[in-house]
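The structure appears below as C-alpha cells.
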Amino acid sequence: MKSLHQNFKNIEEEIIFLKKKRKAIILSHFYQDEDIQDIADFIGDSLDLSKKAQNTNADVIVFCGVRFMAEVAKILSPNKKVIIPDIRAGCSLEESCKVEDFKKFKFENPHHIVLSYINCSAEIKAESDIIVTSSNAAKIINSLPKDQKIIFAPDKHLGGYLNRITGRKMKLWNGTCIVHETFSERELVKKKVRLANSKIIAHPECPENILKHADFIGSTSALLKFISSDNSKQFIVATEPHIIHQMKKNEPSKEFIIAPGNDGDCSCSNCPYMELNTLEKLRNCLLNLSPEISINNELILKAKKPLNFMLKLS
Ligand code: 13P
Ligand code: SF4
C-alpha cells in the first residue's frame, strides 16, 4: 500500500484529505455503518444513488454499498473510475440469479417483458428490458399495458408484493434477501402487542407474513420520508437496522425499534455484505484507487439500455 507520510488526527481527516486529492465523491447507501454514512457526500436509496452517480462531475466515485450498486454507477458513468471499499460486498439476490439459469427462464417464458430488480448482476441487467428499484417498480409496472406478460427477477417477495398491489400476475424468479427473511412474524406481533401505539414500517423485500402487519411499506428513502410525515412517536422497523441511524438523525424525538428475529432482539438482520465495507477499507481504496469496478464495454452498453429506460420512466 502507498503511504502519504502525512499526519492526520484521525481516519476521517485522512479520508477527507484523500477525497479532495482524488477529486472523488463518496456515495453511501443507508445500510452502511454509521461512520461511513456520516462521512459520505451523498446518502440515498438505490434509485437516488444511481441518479447521483450519473450526474456527478467528480473524477472518482467511491461507492459505499454493495457491488451491484457500484456496477450501476460504472454503467451509468463509464468514463469515471468507480471504486468500492470491499469488492466482495455481494448480495444474496444477485447470487440467486445466475445468467445461464436466467436465460433458460426467459426461454421458458416467451412473449414476456423482462423486469429486473436493480439488485442483480450487470449480466442479468443486460438480459432485461427494464430495471426497477423498490421506489419506482409499481409506477413502472402500472405504465405497462394491462395484458402485458411480465417476468420479474430476482426477488420473489418484492415481486409478490408488486403483484398484490398492481393486480398483475408476474412470473417470479425464486430469489430472496437473506436479511429481510430473518424477521419473525410471531416476535413482531408480540412486540406490537407490547408497544400498542407504535407503527410497523417495512421494506418490500420482507416476506408477505411480515408485510401484512405493516402500517407502511416502502423503499429505504420512502421509509425515511414516512417517519417524518407521520405523527407517531414510535416505529418498529423491518429492514436493515443501519437505516435507524438516519432515522434518529432526522427525527431525534422519535423512537425506532428493530423488528425482531426468531430469538427476539438479535442483530441477525444486519446485512453481512454491506458490513464488509469499513472506514479503514474506505481510506485504503481512496489511497490505492482500488478495488476498482471494471466492466467490458459491450456489457456496459447492453446493461445501460434497461437502466436508462428505468431512469426515463421514474
Ligand atoms: P432501496 O432501493 O430501498 O434502498 O433497497 C436496496 C436494498 O438492497 C434493500 O435491501
Ligand atoms: Fe442484498 Fe439484502 Fe443486503 Fe440489500 S439487504 S444488499 S438485498 S442481501
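Read-outs: derived from the displayed coordinates by stated rules, not from any lab. Keep in mind that this is a model prediction, so the values were computed, not measured. Here the Cβ positions follow ideal geometry from the backbone for every residue, glycine too, while neighbour counts run over all protein chains shown.
Output the residues belonging to segment 13-62 that are more than 16 Å from ligand 1 (Cβ to nearest atom), within 21 Å of ASN308 (Cα to Cα) and part of a helix (DSSP H, G or I).
ASN55 - this is the single residue of segment 13-62 that is more than 16 Å from ligand 1 (Cβ to nearest atom), within 21 Å of ASN308 (Cα to Cα) and part of a helix (DSSP H, G or I).
Looking only at segment 76-98, count every residue that is out of contact with any strand residue (DSSP E or B) (no Cβ under 7 Å at 6 or more places or on another chain) and of a type outside the set (S, T, N, Q) and tell me the total.
Within segment 76-98, the subset out of contact with any strand residue (DSSP E or B) (no Cβ under 7 Å at 6 or more places or on another chain) is 76, 78-79, 86-92, 94-95, 98.
Next cut, of a type outside the set (S, T, N, Q) only: 76, 78, 86-91, 94-95, 98.
Matching residues across segment 76-98 total 11.
Can you name the residue in segment 273-288 that is under 15 Å from LYS19 (Cβ atoms) and among the hydrophobic types (A, V, I, L, M, F, W, C) and, of all such residues, is surrounded by the fewest Cβ atoms within 10 Å (Cβ to Cβ)?
LEU287
Just need a number here: residues in segment 87-128 that are in a loop (DSSP other than H, G, I, E, B), in contact (Cβ under 8 Å) with a residue 12 or more places away in the chain, within 16 Å of ligand 2 (Cβ to nearest atom) and not β-branched (Val, Ile, Thr).
The qualifying residues number 9.
Give me the residue from segment 234-260 that is away from ligand 2 (no atom under 14 Å from the Cβ), in contact (Cβ under 8 Å) with a residue 60 or more places away in the chain and not in a helix (DSSP H, G or I) and, out of that set, surrounded by the most Cβ atoms within 10 Å (Cβ to Cβ).
Looking at residues that are away from ligand 2 (no atom under 14 Å from the Cβ), in contact (Cβ under 8 Å) with a residue 60 or more places away in the chain and not in a helix (DSSP H, G or I), I get PRO260.
For LEU299, are the conditions met, namely being surrounded by fewer than 19 Cβ atoms within 10 Å (Cβ to Cβ), within 16 Å of ligand 2 (Cβ to nearest atom) and more than 17 Å from SER50 (Cα to Cα)? Steps first, please.
Working: surrounded by fewer than 19 Cβ atoms within 10 Å (Cβ to Cβ): yes; within 16 Å of ligand 2 (Cβ to nearest atom): no; more than 17 Å from SER50 (Cα to Cα): yes.
No: the conditions fail for LEU299.
For a quick check of your reading of the model, give me the residue pairs whose first member lies in segment 162-181 and is closer than 28 Å to ILE243 by Cα, whose second is of a type in the set (Phe, Trp, Tyr) and assigned to a helix (DSSP H, G or I), with beta-carbon atoms closer than 9 Å and at least 6 apart or on different chains.
Close Cβ pairs satisfying both conditions: TRP173/PHE102; TRP173/PHE105.
Can you find a residue in segment 180-196 that is part of a helix (DSSP H, G or I) and touching a helix residue (DSSP H, G or I) at 6+ places or on another chain (Cβ under 6 Å)?
Checking segment 180-196: at least one residue is part of a helix (DSSP H, G or I) and touching a helix residue (DSSP H, G or I) at 6+ places or on another chain (Cβ under 6 Å).
How many of the residues making up segment 155-179 are in a loop (DSSP other than H, G, I, E, B), away from ligand 1 (no atom under 16 Å from the Cβ), surrounded by fewer than 19 Cβ atoms within 10 Å (Cβ to Cβ) and of a type outside the set (Lys, Arg)?
2
Before we move on, is SER253 out of contact with any strand residue (DSSP E or B) (no Cβ under 9 Å at 6 or more places or on another chain) and over 25 Å from VAL66 (Cβ atoms)? Steps first, please.
Values: out of contact with any strand residue (DSSP E or B) (no Cβ under 9 Å at 6 or more places or on another chain): yes; over 25 Å from VAL66 (Cβ atoms): yes.
Yes, satisfied.
Can you tell me which of PHE17, PHE8, PHE42 is among the aromatic types (Phe, Trp, Tyr) and either in contact with an Asp or Glu (Cβ under 7 Å, 6 or more places away or on another chain) or touching a residue at least 40 places away in the same chain (Cβ under 8 Å) (or both)? Lay out the reasoning, then the answer.
On the way: PHE17 fails: either in contact with an Asp or Glu (Cβ under 7 Å, 6 or more places away or on another chain) or touching a residue at least 40 places away in the same chain (Cβ under 8 Å) (or both); PHE42 fails: either in contact with an Asp or Glu (Cβ under 7 Å, 6 or more places away or on another chain) or touching a residue at least 40 places away in the same chain (Cβ under 8 Å) (or both).
Sole residue among the options that is among the aromatic types (Phe, Trp, Tyr) and either in contact with an Asp or Glu (Cβ under 7 Å, 6 or more places away or on another chain) or touching a residue at least 40 places away in the same chain (Cβ under 8 Å) (or both): PHE8.
Quick check on my filter: what residues within segment 25-48 are touching a strand residue (DSSP E or B) at 6+ places or on another chain (Cβ under 9 Å) and among the aromatic types (Phe, Trp, Tyr)?
PHE30, PHE42
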